[in-house]
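Each value in this text was obtained by applying a stated rule to the coordinates, not by laboratory testing. Every value quoted in this text rests on a predicted model; they were computed, and no experiment measured them. In this analysis, Cβ positions are derived from the backbone assuming ideal geometry, glycine residues included, and neighbour counts consider all displayed protein chains.
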Amino acid sequence: QKEVEQNSGPLSVPEGAIASLNCTYSDRGSQSFFWYRQYSGKSPELIMFIYSNGDKEDGRFTAQLNKASQYVSLLIRDSQPSDSATYLCAVNKNSGYSTLTFGKGTMLLVSP
Amino acid sequence: GAVVSQHPSWVICKSGTSVKIECRSLDFQATTMFWYRQFPKQSLMLMATSNEGSKATYEQGVEKDKFLINHASLTLSTLTVTSAHPEDSSFYICSAIPGQGSFSNQPQHFGDGTRLSIL
């Protein structure tokens with residue numbers, strides 16, 4: 001079982017729709033969860049992070065964490081063509097230590 | 001805030017050349033920085049964790065004698081690819097976390113990456 005799994009996509013949504021990106025992880029001891037966005041040919045940029053079960057909202061983005069199910073998701077409301085990118089889920093699996101394990105990413109395509 | 005600068009952005013050089021890449025935290029101090037490599041259409045692979053004032057911790061399978069890491073100050077880490085060969089061509093990205101120590105759950109902030117092409 002891969003440590004951090006994401007559907008590679010592409011996930012295609014029309015402009016204005018809600019995009020839902022999912023991620024599962026294997027280590028139950030994982031403490032911190034991060035979503036990064038990576039445009040083609042560019043480095044990742046931080047979108048959101050979440051540490052506790054439940055939802056965390058920041059503008060059009062909502063991160064959802066369910067540690068019992070080992071599942072973290074990112075919702076993007078009112079999707080825009082500029083949101084088209086690869087979204088990387090990253091997990092800090094060692095309690096407190098800062099190394100991250102990344103999923104392979106989900107490509108999101110938002111069509112005008 | 002939390003800006004990480006990486007230089008150079010692009011490097012094209014001949015096989016056998018050594019290449020140095022710099023990673024700087026511009027507006028914060030970072031005891032710990034990270035070096036990643038990303039091949040086309042693949043995810044980021046952690047190469048090593050760079051700790052200020054001590055030896056880097058390399059991931060399994062990464063040759064420490066080939067990828068030399070120096071973290072001489074709280075704002076600068078360097079990665080030197082020694083005797084680079086075409087198979088070393090990749091996108092190298094550094095990241096840093098604000099604060100001290102590798103015991104942190106704060107987000108990593110990434111530099112813009114260095115695209116290395118070895119001919």
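Considering only beta bridges that DSSP places wholly inside the protein assembly as shown, some 90 percent are antiparallel. Our estimate of slack between B:Gln29 and B:His7, defined as 0.36 nm per intervening residue step minus the Cα-Cα distance, is 6.1 nm. Projected label points at A:Asn53 and A:Ala68, each 7 Å from Cα along the beta carbon direction, are separated by 0.5 nanometres.
Model label points for A:Ser82 and B:Glu22, set 7 angstrom from Cα along the Cα-to-Cβ axis, are 3.1 nm apart.
GNM on chain B, alpha-carbon springs under 10 angstrom: the most fluctuating residue among B:Phe67, B:Phe39, B:Phe91 is B:Phe39.
Net charge near B:Asp88, counting Lys/Arg +1 and Asp/Glu -1 over other residues with Cβ under 15 Å of its Cβ? Summing Lys and Arg as +1 and Asp and Glu as -1 gives +3.
Take the Cβ atoms of A:Ile18 and B:Glu87, set R0 to 41 Å, and the FRET efficiency comes out at 0.45. Simple spin-label estimate for B:Asn70 and A:Glu5 gives 4.4 nm between the two label positions (7 Å along the Cα-to-Cβ direction from each Cα).
Once backbone amide H atoms are built at 1.01 Å from N, B:Gly99 has B:Gln29, B:Thr31 as its partners under 5 Å, excluding neighbours fewer than 5 places away on the same chain.
When only alpha carbons are used to place a centre, segment A:54-112 and segment B:36-91 end up 26 Å from one another.
No disulfide-compatible partner, judged by a Cβ distance under 4.7 Å, exists for the following cysteines of the protein assembly as shown: B:Cys13.
Potential lengthening of the chain between B:Gln106 and B:Lys14 amounts to 29.3 nm, from the contour at 0.36 nm per residue minus the alpha-carbon distance.
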